[in-house]
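One structure is given here, and the rest of the page talks about it.
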Amino acid sequence: MIKEVNCLKFVYECLGSKSEIKLESELQFTVQVPRNESLLERAILVIFRAHGDDDKFKLECICRVVFSFATSAEVIEGKEFLELYRNDAYDAMKDLTNNCLSSLKQNKLNFPELEFT
């Protein structure tokens, strides 16, 4: 169902040398609808920010996870769409972030498993 994952912004800064860092993080999800609403796709914008150790570590990832549907009857809107696909969008953001970190030869982050209610 995921058509594509677009990395809109990725910022990584690590000025410390510790192997373990205590992080504070923020996570936000926003539903996006294409201008042409007849398109059979909807997206979730995922914004993840983390910082720690007196701002010696900063990470920001903003990505758009696009979901495609086979028919117009399958298209789900608004809050219901977000509730059904938020976990998939979160997993896609985690994969994108860890792939970027790996390409920079950095350790992957251990993202928590979240229960969205």
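Would you pick out the residues in region 45-58 that are modelled with pLDDT under 95 and hydrophobic (A, V, I, L, M, F, W, C)?
Passing the criteria: ALA50, PHE57.
Could you count how many residues in region 39-61 are basic (Lys, Arg) and either within 16 Å of CYS7 (Cβ to Cβ) or surrounded by 17 or more Cβ atoms within 10 Å (Cβ to Cβ) (or both)?
Just the residues of region 39-61 that are basic (Lys, Arg), to begin with: 42, 49, 56, 58.
Going one step further and asking which of them are either within 16 Å of CYS7 (Cβ to Cβ) or surrounded by 17 or more Cβ atoms within 10 Å (Cβ to Cβ) (or both), we end up with 42, 49.
Qualifying residue count, region 39-61: 2.
From the residues in region 28-38 that are over 14 Å from the mean Cα position of the chain (by Cα), of a type outside the set (D, E, K, R) and closer than 20 Å to LYS79 by Cβ, which one is surrounded by the most Cβ atoms within 10 Å (Cβ to Cβ)?
My answer is VAL33.
Being farther than 15 Å from GLU83 by Cα and either assigned to a strand (DSSP E or B) or hydroxyl-bearing (Ser, Thr, Tyr) (or both) is the filter here; which residues of region 28-47 pass it? Don't jump to the end; show me each part of the working.
Pass one, region 28-47, residues farther than 15 Å from GLU83 by Cα: 33-41, 47.
Scanning region 28-47 gives SER38, GLU41, ILE47.
Enumerate the pairs (first residue in region 1-30 and in contact (Cβ under 8 Å) with a residue 12 or more places away in the chain; second residue anywhere and charged (D, E, K, R) and part of a loop (DSSP other than H, G, I, E, B)) with beta-carbon separation below 6 Å, excluding pairs fewer than 6 apart on the same chain, so at least 6 apart or on different chains.
Close Cβ pairs (under 6 Å, with a partner that is charged (D, E, K, R) and part of a loop (DSSP other than H, G, I, E, B)) amount to LEU15/LYS56; GLY16/ASP53; GLY16/LYS56; ILE21/ASP53.
Modelled with pLDDT of 90 or more, open to solvent by 80 Å² or more (accessible area, probe 1.4 Å) and not in a strand (DSSP E or B) - does that describe any residue in region 10-21?
no
Out of curiosity, is LEU84 of a type in the set (A, V, I, L, M, F, W, C) and in contact with a Gly (Cβ under 9 Å, 6 or more places away or on another chain)?
no
Going through region 62-81 one residue at a time, which ones are under 19 Å from GLU115 (Cα atoms) and open to solvent by 30 Å² or more (accessible area, probe 1.4 Å)?
LYS79, GLU80
Can you pull out every residue in region 6-24 that is over 17 Å from ALA92 (Cα atoms) and of a type in the set (S, T, N, Q)?
Of everything in region 6-24, those that are over 17 Å from ALA92 (Cα atoms) and of a type in the set (S, T, N, Q) turn out to be SER17, SER19.
Being touching a helix residue (DSSP H, G or I) at 6+ places or on another chain (Cβ under 8 Å), aromatic (Phe, Trp, Tyr) and under 20 Å from TYR12 (Cα atoms) narrows it down to one of PHE67, PHE57, PHE48, so name that one.
PHE48
I'd like to verify a number: residues in region 62-113 that are hydroxyl-bearing (Ser, Thr, Tyr), out of contact with any strand residue (DSSP E or B) (no Cβ under 9 Å at 6 or more places or on another chain) and farther than 17 Å from MET1 by Cβ, how many?
Our first condition is that a residue be hydroxyl-bearing (Ser, Thr, Tyr); within region 62-113, this holds for 68, 71-72, 85, 90, 97, 102-103.
Then drop every residue that is not out of contact with any strand residue (DSSP E or B) (no Cβ under 9 Å at 6 or more places or on another chain), which leaves 71-72, 102-103.
Still in the list and also farther than 17 Å from MET1 by Cβ: 102-103.
Counting residues in region 62-113 that are hydroxyl-bearing (Ser, Thr, Tyr), out of contact with any strand residue (DSSP E or B) (no Cβ under 9 Å at 6 or more places or on another chain) and farther than 17 Å from MET1 by Cβ gives 2.
Pairs under 9 Å by beta carbon, first residue within 16 Å of LEU39 (Cβ to Cβ) in region 72-88, partner among the acidic types (Asp, Glu) and modelled with pLDDT of 95 or more, six or more apart or different chains?
From region 72-88, the pairs are VAL75/GLU41.
The values are calculated or read from the model by the stated rules, or taken from the named source; none is laboratory data. Computed from a prediction, not measured in an experiment: that's the story for all the values here. Positions of Cβ are generated from backbone atoms using ideal geometry, with glycine treated the same way; all protein chains shown enter the neighbour counts. Ligands, DNA and RNA are stripped out before the accessible areas are found, and what is left, the full protein with its side chains, is counted by its heavy atoms. Shrake-Rupley method; radii C 1.70, N 1.55, O 1.52, S 1.80 Å.
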